[in-house]
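Every read-out reported here was derived from the displayed coordinates using simple, explicitly stated rules and does not represent laboratory data. Everything numeric in this text was worked out from a predicted model, so none of it was measured. Cβ atoms come from the backbone with ideal geometry, glycine included; neighbour counts cover every protein chain shown.
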Amino acid sequence: MSEAVPKSFGRYQVLGVLGRGSMGVVYKAKDPVIGRLVAVKSVPETLGLDTGKKQEYIKRLIQEAKAAGNLQHPNIVTIFDAGETELGPFIAMEYLDGVTLKEILATGKKLTIPQLVEIIRQVGEGLDYVHQRGIVHRDIKPANLMIVENSLIKIMDLGIARLPFSDLTREGRLVGSPSYMSPEQLQGENLDGRSDLFSLAVVVYQAATGKKPFPGQNIQEICWRIIHDEWVPASKVDPGISPEFEAVLQKGLAKDREKRFQTGKEIFEAMRALLGDRARPRPEKIQEAKPGPRPSAATTAPAAAASPGPARTASKSEPSIYDESSSLTSSSESEIDDIFRDLTQTHRSLSLAGNELKVKTWQVVLGLLLAAGIISALIWFLIRG
């Protein structure tokens, strides 16, 4: 039996449910003051915490979500508001109309190298942006990467506060996505941005092969393999994987964070090299941003969420973190657009087919009810006659 849908969170009027996860429910809602659609994430208070820790967690969650309003990047979901009601804490964020990478992969699609390069370009730039500001996402996975209009990729769920690892279990079940977690995250160590880059490498592996690099029958086995065991070579899963691509994955999935890619830009450059001549940058160069210091272990700035204003493309005041045009050539960009259009249309066509099936089912049911009503009326008239 489904849970009742609340009518509102603060001033936000709930219109329906967008999704449910281990860390809360996301609702489609409307801000009646300005008429804007938003996505409201309700974070449950039943996280296995005692009363004292629960209040501390709620306070920290709201503080961090509000602080995240300072973030401005086109690849990060915008945070508008955060607060608490009798239903618990909530975060109001940008409403997106798109398709998550999880939904695309669920159709059985495997992404090509050009597709993966574009995903890494956008996600890597967004992650580098937040990492330079001392923020670690902690839950990079296909479900948190959404492709929206114009093949723009949005990183979602930056607004959930970090919990100590000892508090991340509930009834023997790990809350979160252990298949994408780094070894240091599973061991409860202090994290920096390289943990997110490990997670991104897992996403790339899965998108290219259709499988995860650390398979297991249960959470305990998956966690043990991530911490102690080697990942399954991608070429064993898909013989078409090149040695060069395998080498990129090898570095991305290194257990020692010092041996991994240190920034999203490094992963992008390594992947772009796989494209050869197709990876030539545009003639014009984007102004290079001054490199920020590597964030220290993220005990001072836990995961937060995206920018307060409307999403927009990179502006002069916030130049790209890449020192040259990080996109491909114009012809390649056209191909990328076509590829992503194909992926999203494939998913949407499957969703549409499902919706059409539901409509047809209802039409059949209504038709049968109508026929039964007519037959009943005829029988009644015959009996009365």
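Based on the mean of other beta carbon atoms within 10 Å per residue, what is the order of 26-37, 96-107, most packed first?
Result, highest mean Cβ count within 10 Å first: 96-107, 26-37.
Could you give the dipole magnitude of region 1-153 about its Cα centre, charging the beta-carbon of Lys and Arg +1 and that of Asp and Glu -1, in debye to the nearest 20?
Details: 19 positive and 17 negative charges, 28 e Å.
Its charge dipole is roughly 140 debye.
Beyond 19 Å between alpha-carbons counts as too far, so tell me which of K141/K212; K41/K212; K212/K236; K30/K154; K109/K251 fall in that bin.
Values: K141/K212 11 Å; K41/K212 28 Å; K212/K236 12 Å; K30/K154 21 Å; K109/K251 25 Å.
Cα-Cα > 19 Å for K41/K212; K30/K154; K109/K251; rest within.
Kindly put R272, R257, R11 in sequence by how many other C-beta atoms sit within 10 Å of each C-beta, fewest to most.
Values: R272 22, R257 19, R11 13.
Lowest to highest Cβ neighbour count: R11, R257, R272.
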Inset, instruction - Provide the packing ranking of 363-374, 225-236, 126-137, 244-255, i.e. peptides ordered by the mean count of other C-beta atoms within 10 Å per residue, highest first. - result: 126-137, 244-255, 225-236, 363-374
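In what sequence do E221, E125 fall when counting other Cβ within 10 Å, fewest first? Present the calculation step by step, with values, prior to reporting the outcome.
Details: E221 13, E125 24.
Listed from fewest to most nearby Cβ atoms, that is E221, E125.
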